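Engineer: Once you've had a glance at the structure underneath, I'll fire off some questions.
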Amino acid sequence: MTISLYDAVIPTQLQIIAAVRALVDKAKADCEDKGTAPEEIIGARLIENMQPFSYQVKCCREHSLGAIEAVREGVFTPSLAAPPGDWEGLYEKLDEAKAGLEAVSEAEMEGFVGQHMEFRFKDTVMPFTAENFLLSFAQPNFYFHATTAYDLLRARGFPIGKLDFIGMPRMKRA
């Protein structure tokens, strides 16, 4: 059996985007239930010199749909825009990622195979093929930021577990 680039990237990113959105739902509900100021969670960090929860959610969009958009252009440059500062902004990033990923076709993804792609940031230029960029750079970054968003909530005692991170797996249909 052969697996396509589409199958290796898009369905799982959609699964994790939905799971991160559910984590934002839980964080928002917890703030409302306990009277916690939203910025306490939106701006939460694991350690002082690490980016906040909002940045982690923003980067889930950047390394999923943003990576696809970059492959279309042939270059990925990290966004230096500030992350959202409210729940609505976080939802907007995740909903944008979901809608954009759902619009990607298998044919478009297969057309990326072998295409030249570069990561550029300041003086750093890293050449890739599109498939190697998506699978060895964008996808690990995507999972790093999704995991960090989960960890930020877990470290604050949120009652979440592995299934909250994984979301809804694609199970065999009868």
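Engineer: Looking at segment 22-33, can you tell me whether even one residue there is touching a Cys at 6+ places or on another chain (Cβ under 7 Å) and at pLDDT 95 or above? Walk me through how you get there before you give the answer.
Structural biologist: First pass over segment 22-33, keeping only residues touching a Cys at 6+ places or on another chain (Cβ under 7 Å): none.
There is no residue in segment 22-33 that is touching a Cys at 6+ places or on another chain (Cβ under 7 Å) and at pLDDT 95 or above.
Engineer: Within segment 79-104, can you find the residues that are assigned to a loop (DSSP other than H, G, I, E, B) and either aromatic (F, W, Y) or exposed (fewer than 12 other Cβ atoms within 10 Å of the Cβ) (or both)?
Structural biologist: Just the residues of segment 79-104 that are assigned to a loop (DSSP other than H, G, I, E, B), to begin with: 79-86, 103-104.
Result: L80, A81, A82, A103.
Engineer: Please state which of the following conditions E73 fails to meet, knowing it meets all the rest: (1) at pLDDT 95 or above; (2) within 18 Å of the chain's Cα centre (by Cα); (3) closer than 20 Å to A99 by Cα.
Structural biologist: It is condition (2) that E73 fails.
Engineer: Which of the residues spanning segment 15-73 are surrounded by 13 or more Cβ atoms within 10 Å (Cβ to Cβ) and of a type in the set (V, I, T)?
Structural biologist: I16, I17, V20, V24, T36, I41, I42, V57, I68, V71
Engineer: Name the pairs: first residue in segment 1-27 and assigned to a helix (DSSP H, G or I), second residue hydroxyl-bearing (S, T, Y) and crowded, with 17+ Cβ neighbours inside 10 Å, Cβ to Cβ under 7 Å, at least 6 apart or on different chains?
Structural biologist: Q13/S64; I17/S64; L23/Y150
Engineer: So, in segment 141-174, exactly how many residues are part of a helix (DSSP H, G or I) and surrounded by 11 or more Cβ atoms within 10 Å (Cβ to Cβ)? Explain how you work it out, then say what you get.
Structural biologist: Our first condition is that a residue be part of a helix (DSSP H, G or I); within segment 141-174, this holds for 141-155, 162-166.
Filter once more, keeping what is surrounded by 11 or more Cβ atoms within 10 Å (Cβ to Cβ): 141-155, 164-166.
Final tally of qualifying residues: 18.
Engineer: Let me ask something else. State yes or no: is A107 part of a helix (DSSP H, G or I) and more than 18 Å from the chain's Cα centre (by Cα)?
Structural biologist: Numbers: part of a helix (DSSP H, G or I): yes; more than 18 Å from the chain's Cα centre (by Cα): yes.
Yes.
Engineer: Additional query: Look through G85, G74, G35 and report the one residue that is in contact with an Asp or Glu (Cβ under 8 Å, 6 or more places away or on another chain) and on the phi > 0 side of the Ramachandran plot.
Structural biologist: Details: G85 fails: on the phi > 0 side of the Ramachandran plot; G35 fails: in contact with an Asp or Glu (Cβ under 8 Å, 6 or more places away or on another chain).
So the residue among G85, G74, G35 that is in contact with an Asp or Glu (Cβ under 8 Å, 6 or more places away or on another chain) and on the phi > 0 side of the Ramachandran plot is G74.
Engineer: Something else now. Report, by residue number, each residue of segment 107-132 that is among the aromatic types (F, W, Y) and under 14 Å from I10 (Cα atoms).
Structural biologist: Here is the first cut: in segment 107-132, the ones among the aromatic types (F, W, Y) are 112, 119, 121, 128.
Passing the criteria: only F112.
Engineer: On to the next question. If you go through segment 127-136 one residue at a time, do you hit one that is among the small types (G, A, S) and part of a loop (DSSP other than H, G, I, E, B)? Walk me through how you get there before you give the answer.
Structural biologist: Start the filter on segment 127-136 by keeping residues that are among the small types (G, A, S), which leaves 130, 136.
Add one more test, that the residue is part of a loop (DSSP other than H, G, I, E, B), and what stays is none.
Taking every residue of segment 127-136 in turn, none turns out to be among the small types (G, A, S) and part of a loop (DSSP other than H, G, I, E, B).
Engineer: Starting from segment 111-122, take each residue that is within 10 Å of L134 (Cβ to Cβ) and at pLDDT 95 or above and list its partners that are β-branched (V, I, T) and not in a strand (DSSP E or B), counting only C-beta distances under 6 angstrom and pairs at least six apart or across chains.
Structural biologist: Correct list of pairs: F112/V71; M117/V71.
Engineer: For segment 139-152, state whether one or more residues are in contact (Cβ under 8 Å) with a residue 40 or more places away in the chain and touching a strand residue (DSSP E or B) at 6+ places or on another chain (Cβ under 6 Å).
Structural biologist: No, segment 139-152 has no match at all.
The values are calculated or read from the model by the stated rules, or taken from the named source; none is laboratory data. Computed from a predicted structure; not experimentally measured. When we count neighbours, we look across all protein chains shown, and the Cβ atoms used for this are built from the backbone with ideal geometry, even at glycine.
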